[in-house]
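First up is the structure itself, then whatever we jot down about it.
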Amino acid sequence: MTVRICPSVLNADQNHLASEIERVAGFADFIHLDIMDDKFVPNFTYSFEQTRQIVMESVLPIDLHLMVEQADRWGPKYASLKPEGVFSVTIHYEATKDVAGTIDLIKAEGVRCGVAIKPSTPVEVLKGLLTKLDMVLVMTVEPGFGGQSFMGEMMTKVKDLSSWISAEGLSQTWLQVDGGIALSTIEEASACGADTFVAGSAVYKSDNPAEIVAELRKRAIEARR
Ligand code: DX5
Ligand code: ZN
């Protein structure tokens, strides 16, 4: 069973992102980059052009999490950054009008496509999309900010998705959790079926981010046994 650890640089040193990313190279699988537009969520991170620069300078492939309105328009545009180093693009279900069509457009750029749901969105909206998707993302905090507490009550969604993915034999569909993932919470999320873990403050508030990434992976693997 494969576990993927994706440090989020939302709370890393924004003036030295390339070197912040280098601190976890060799330990992390991907860098999770949070794109916020100050509309879908009450926070702003990077413009498209700033994102392009960060992606180009990153030594690790990028897992993009778009917390923006008009995901049908922006999803494929961000996916076009594949040559620069975007590995996957995750859009929010709540920000789409034509989620199925947008998934197709994102995948047509050659990147993996994920769909995320906010804590208030029922997990059933993802059920009919699973065969089209490369990843589902269950938010375990209200999107917008790092450093919030893990919402354990979201684990029923993770369990449901995990059983649907297994029942349909979709071994290439990854199950990601994002928000409050730390040494104290990763085991629960892993035991419920998550296999791809975003961790922001747990990694970058530490003096030794690489060591935390390694320990997160160890705990996630052990919890699966
Ligand atoms: C929150 C973002 C997360 C954030 C996670 O909206 O999507 O990726 O960086 O940060 P932590 O791990 O601190 O909760
Ligand atoms: Zn995120």
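The values are calculated or read from the model by the stated rules, or taken from the named source; none is laboratory data. What you are looking at is a predicted structure, and each value in this text was computed from that prediction instead of being measured. Methodologically, a virtual Cβ is constructed for each residue, glycine included, from the backbone with ideal geometry; neighbour enumeration extends over all protein chains shown. All accessible areas refer to the heavy atoms of the entire protein, side chains included, with ligands and DNA or RNA removed. Shrake-Rupley method; radii C 1.70, N 1.55, O 1.52, S 1.80 Å.
Give me the extension gain from Asp98 to Ile221: residue separation times 0.36 nm, minus the current Cα-Cα distance, reported in nm with one decimal.
Extra length from Asp98 to Ile221 when fully extended: 40.7 nm.
For the chain, report the translational diffusion coefficient in µm²/s to the nearest whole number, using Stokes-Einstein at 20 °C, 1.002 mPa s, and a Kirkwood Rh over Cα pairs.
On the way: Rh = 17.1 Å.
The diffusion coefficient I find is 125 µm²/s.
Could you give the length gained on full extension between Leu129 and Asn43, defined as 0.36 nm per residue of separation minus the Cα-Cα distance, in nm?
Details: separation 86, 0.36 × 86 = 30.96 nm, distance 2.84 nm.
Result for the pair: 28.1 nm of gain on full extension.
Which cross-chain or sequence-distant (5 or more) residues have an amide H under 5 Å from the amide H of Asp134, H modelled 1.01 Å from N in plane?
The list, which skips near neighbours in sequence, is Cys113.
Report the label-to-label distance for Ser120 and Glu84 in nanometres (one decimal), using points 7 Å from each Cα along the Cα→Cβ vector.
Here the modelled spin labels are 3.2 nm apart.
Averaging over all projection directions, find the projected area of the Cα convex hull of region 98-157 and quote it in nm² with one decimal place.
Values: hull surface 19.2 nm².
Quarter of the Cα hull surface area: 4.8 nm².
Write down the accessible area per residue of the chain in Å², having rolled a 1.4 Å probe over the full set of protein chains. Mind showing how you got there, number by number?
On the way: 9370 Å² over 225 residues.
I get 42 Å² per residue for the chain.
Considering only DSSP beta bridges whose two residues both sit in the chain, what percent are antiparallel, to the nearest 5?
Taking every DSSP beta bridge within the chain, about 5 percent pair in antiparallel fashion.
Could you work out the relative contact order of region 15-96, using alpha carbon pairs under 8 angstrom and six or more residues apart, expressed as a whole percent?
Relative contact order comes out at 31 percent.
Quick check: pseudo-label points 7 Å beyond the Cα along Cα→Cβ at Glu187 and Ser163, how many nm apart are they?
About 2.4 nm, to one decimal.
When the accessible area of the chain is split by element with a 1.4 Å probe, what percent falls to carbon and sulfur?
It is 49 percent, rounded to a whole number.
I'd like the FRET efficiency for Glu153 and Asn15, computed as 1/(1 + (r/R0)^6) with the beta carbon distance as r and R0 of 22 Å, rounded to 0.05.
0.05
Test of the criteria: in region 60-147, which trypsin sites (Lys or Arg not before Pro) are in a DSSP loop and have at most 15 other Cβ atoms within 10 angstrom of their Cβ?
Lys97
Which entries in the list Lys107/Lys127; Lys82/Lys159; Lys77/Lys132; Lys127/Lys157; Lys107/Lys159 go over 22 Å, if you measure between the two C-alpha atoms of each?
The answer is Lys82/Lys159; Lys107/Lys159.
Defining a contact as two alpha carbons under 8 Å apart and six or more residues distant in sequence, what relative contact order in percent does region 4-223 show? Mind showing how you got there, number by number?
Details: 464 pairs, mean separation 44.4, N = 220.
It rounds to 20 percent for region 4-223.
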